[in-house]
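Step one of this worksheet: look at the structure below.
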Amino acid sequence: SYDFTPMDSSAVYVLSSMARQRRASS
Amino acid sequence: PTMQNNQPVEFNHAINYVNKIKNRFQGQPDIYKSFLEILHTYQKEQRNAKEAGGNYTPALTEQEVYAQVARLFKNQEDLLSEFGQFLPDA
């Protein structure tokens, strides 16, 4: 289930911005 | 256009990954909480560094983030290797 708390959402935000940064630097 | 196409992929990957961790550590909420704390510390450090315009070295490097997560996710090799796919310069 996708029962996300605000804390979960911010983890998703950090992870996806990390992935973007990774792509930008590769 | 490329960025718009790639962003949802990264976002979906992140959602799936967070969901996987939540499910895996359902009985150990402290592990999941620690993981979130590591991520937030990393993000805060990155933001500090950005705001200081190169005059601040983040206290938490990508290597340290990876090492901390590795300690947390011991015996969960799949979660750790997937985490490595998110981390810049891993």
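The values are calculated or read from the model by the stated rules, or taken from the named source; none is laboratory data. Keep in mind that what you see is a predicted model, and the values were worked out from it rather than measured. Methodologically, a virtual Cβ is constructed for each residue, glycine included, from the backbone with ideal geometry; neighbour enumeration extends over all protein chains shown.
Number of residues in the stretch A:5-22 that are part of a helix (DSSP H, G or I), more than 7 Å from chain B (Cβ to nearest Cβ) and more than 9 Å from the chain's Cα centre (by Cα): the value is 1.
Any residue in the stretch B:9-26 that is part of a helix (DSSP H, G or I), more than 8 Å from chain A (Cβ to nearest Cβ) and over 20 Å from A:T5 (Cβ atoms)? The answer is yes; a qualifying residue exists.
Determine, yes or no, whether B:K74 is of a type in the set (D, E, K, R) and more than 14 Å from chain A (Cβ to nearest Cβ).
It is true that B:K74 is of a type in the set (D, E, K, R) and more than 14 Å from chain A (Cβ to nearest Cβ).
For the stretch B:45-63, check the following and say yes or no: at least one residue is in a helix (DSSP H, G or I), in contact (Cβ under 8 Å) with a residue 40 or more places away in the chain and more than 9 Å from chain A (Cβ to nearest Cβ).
Start the filter on the stretch B:45-63 by keeping residues that are in a helix (DSSP H, G or I), which leaves B:45-51, B:62-63.
Pick out the ones that are also in contact (Cβ under 8 Å) with a residue 40 or more places away in the chain and you get none.
No, the stretch B:45-63 contains no residue that is in a helix (DSSP H, G or I), in contact (Cβ under 8 Å) with a residue 40 or more places away in the chain and more than 9 Å from chain A (Cβ to nearest Cβ).
Of all residues in the stretch B:63-90, count the ones that are modelled with pLDDT of 90 or more and either touching a helix residue (DSSP H, G or I) at 6+ places or on another chain (Cβ under 8 Å) or small (G, A, S) (or both). Going through the stretch B:63-90 one residue at a time, the tally reaches 18.
Of all residues in the stretch B:64-83, which are free of Cβ contacts under 8 Å to residues at least 12 places away in the same chain and either in contact with a strand residue (DSSP E or B) (Cβ under 7 Å, 6 or more places away or on another chain) or polar (S, T, N, Q) (or both)? Hits for the stretch B:64-83 are B:N75, B:S81.
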